[in-house]
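Everything below concerns the one structure shown next.
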Amino acid sequence: MGTTRDRALAAAVRLVGEQGVRSLTHVRVDAAAGLAKGSTSNWFRTRDALVAGVVVWIAEQERAELSAAMAPARTAAEIVDILAGLVDDATGRHAVRTRARYALFFETTAAPGAQAPMRTQRSMFEEWTRDLLAALGAPDPDTAARTVLAVCAGIIVNRLTVAPGIPVRPTLERAVLGCLAA
């Protein structure tokens with residue numbers, strides 16, 4: 001079942017991912033988590049603290065999954081396979097969490113404590129992507145990594161909004177191969 005804190009954070013992610021950022025209140029989180037009134041505020045005294053806590057929790061969950069997925073890849077096809085799997089997960093079984101993360105991106109300007117975990121997460125994933133592309137001979141691995149990650153983000157947004165069935169692999173393959181040839 002998890003700790004009271006974990007239950008509150010999981011409920012907060014569901015609320016934001018299903019109902020939007022405005023649903024993120026201590027009272028709603030308590031109700032959604034099946035906790036006694038005031039439980040969430042024991043862990044997160046302010047809304048900013050709650051936003052920061054949710055962002056950190058999402059980053060921790062994703063980091064654990066990314067670490068498992070970030071296997072060494074020896075070919076462009078393997079990189080595409082790994083990225084396609086991550087995008088499929090982000091827009092499939094973890095779609096609610098991904099929607100919450102995207103919604104909270106804009107909230108973090110008001111909650112400075114939440115920006116650091118997002119930057120750390122992005123840096124880790126960018127470094128991994130850059131290293132893989134550099135090992136395969138990308139002429140500009142930094143730009144290549146940013147390009148591939150931007151394509152991934154675009155596919156994710158499209159799949160979560162207007163084009164849920166959009167194929168992932170062909171677009172990622174073109175991006176990866178283009179970055180290796182540039």
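FYI, it's all coordinate maths here, none of it is from the lab. Just so we're clear, the structure is a prediction, and the values are computed from it rather than from any experiment. Note: ideal-geometry Cβ built from the backbone for every residue, glycine included; neighbour counts use all protein chains shown.
Computed from point charges on the beta carbon alone (+1 for Lys and Arg, -1 for Asp and Glu), the dipole magnitude for the chain about its Cα centre is near 700 Debye. Taking every alpha-carbon pair under 8 Å whose residues sit at least 6 apart, the chain reaches a relative contact order of 24 percent. Cα-based values for the stretch 66-153, radius of gyration first and Dmax second, are 14.0, 42 Å.
Give the order of 86, 177 when sorted by the count of other beta carbons within 10 angstrom, beginning with the fewest. The partial results should precede the final answer.
On the way: 86 21, 177 14.
Fewest-to-most ranking of 86, 177: 177, 86.
Return the tail of the calculated pair distribution for the chain, meaning the percent of Cα-Cα pairs more than 21 Å apart. So the pairs more than 21 Å apart make up 52 percent of the total in the chain. Mean residue ellipticity, 222 nm, helices only, the chain: the sum of -39500 (n - 2.57) across DSSP H runs of n ≥ 4, divided by residue count and rounded to 500, is -24500 deg cm²/dmol. Helix 141-160 axis versus longest C-alpha principal axis of the chain: approximately 50°, rounded to the nearest ten. Which angle between 0 and 90 degrees, to the nearest 10, do you get for helix 47-69 versus the longest principal axis of the chain when only C-alpha atoms count? Once rounded, the angle reads 40 degrees.
Starting from 0.36 nm per residue, how many nanometres of slack lie between residue 42 and residue 181 once their C-alpha separation is accounted for? It would help to have the intermediate numbers written out before the result.
Values: separation 139, 0.36 × 139 = 50.04 nm, distance 5.36 nm.
Between residue 42 and residue 181, full extension yields 44.7 nm more.
Against the chain, whose longest principal axis comes from its Cα atoms, helix 76-91 is set at around 20 degrees.
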